[in-house]
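Written below as structure tokens is the structure these notes are about.
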Amino acid sequence: MRYLIALFLILSFIWLANSGHYTALLLGFGFISVLFVIAIARRMGLVDHESQPVGLLPRLPGYYWWLFRKIVQSNLTVVAGVWRGRAGISPTSARIPLRLKTDMGKVLYANSITLTPGTVAVDIENDEILVHSLTSEGLDELRRGEMEKQVRALEE
Amino acid sequence: MIDSLLNALSGLMLAAGCFFMVSGAVGLVRFPDFYTRMHAAGVTDTLATFLIVGALMLLAGWSLALFKLGLILLFIFFTSPTASHALAKAAQHSELRLEQPGRPATAQAGQAARNAAEPALEADTTNTGRD
């Protein structure tokens, strides 16, 4: 039930933020379309803890802030590599052990790796994640597991 | 006063965003292979996009445009890692497959995949050779 309510709130917000016409008729249309989309999503079995991770919500802003700082740092590293040319980069790839248990955690971790420039998650196999990195320092940093610790704090 | 401050700040952010966009484009040309080029493209859709859309949000002020720009930012942050991963995964199925040290079983699988991919590759080269 709470996933349905969360979906309703998100869809309503998106509709309101994109419409800009707040007359009774158009609001009514918006309400009907939101209900229609929820009915379709429910018939497709899409309304569950994976599509609506409401449990994560309170801890998400902290993680986003941490990830944002990480993204800025790694952007500067990559841009430095761009302007220094071949000498500034040391492309490597390796399998990094994955200690996260839930699927949600794995997806968050892999997406966070890909979102920070300089490292890309290529494949997940059992308990290992194949990562390609622009610099060998990028891989070392992932091996130290700071990002993994942040994601684990998020999923618990 | 606050207006001119906001204008100056958004101007700075736009300039920085343009610099990062150009850096990403230069990296796309300068870097040696497929995977490193992907990292360069990552700069353009994270920090550069954030700076440019953020600057536009400052200019928009408290209006509907602010929410729309925020939604655009959120959408880009959700879709760009998905697109990057799709690219990398596609490369894994081609001759660009990454070497995986200390893994004989998958290395053999990689060899098999490479062999399987070869006829298609030959077809590609003959196609481009005709041009």
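No value in this document is a laboratory result; all are computed from the given coordinates. In this text, all values refer to a predicted model and were calculated from it rather than measured experimentally. Cβ sites come from the backbone with ideal geometry, for glycine too, and all protein chains shown count toward neighbours.
Numerical summary
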read-out	value
Computed E for residue A:76/residue A:39 - FRET, C-beta separation, R0 45 angstrom, nearest 0.05	0.45
Chain A: relative contact order in percent, alpha carbon pairs under 8 Å with at least 6 residues between	21
Residue order, fewest to most beta carbons within 10 Å, for B:62, A:15	B:62, A:15
Size of the protein assembly as shown as Cα extents on the principal axes (Å, biggest first)	64, 52, 49
Amide N proximity, region A:62-77 versus residue A:84 label position 7 Å along Cα-to-Cβ, cut-off under 19 Å	A:71-77
Extended-chain gain in nm, criterion 0.36 nm per residue less alpha-carbon gap, residue B:25 and residue B:2	4.8 nm
Gain upon complete extension [residue A:24, residue A:57; 0.36 nm per residue less C-alpha separation]	8.7 nm
Number of Lys pairs (Cα under 21 Å; 8 or more positions apart or on different chains) in the protein assembly as shown	5
Cα-based Rg of region A:2-43 normalised by 2.2 N^0.38 Å, two decimals	1.14
Region A:79-119: C-alpha gyration tensor shape, a/c 1.5 cut-off, then a/b vs b/c	oblate
14 Å reach of a label modelled at residue A:69, 7 Å along Cα-to-Cβ, counting backbone N of region A:120-156	A:146-147, A:150
Over 25 Å [Cα-Cα, chain A], rounded percent	48
In degrees, nearest ten, helix A:60-84 long axis to first principal axis of chain A (Cα)	40
Residues in region A:128-155 that a label on residue A:102 would reach, taking backbone N under 12 Å of a point 7 Å out along Cα→Cβ	A:151-155
Projected label distance in nm at residue A:10 and residue B:34, using a 7 Å step from Cα toward the beta-carbon	3.2
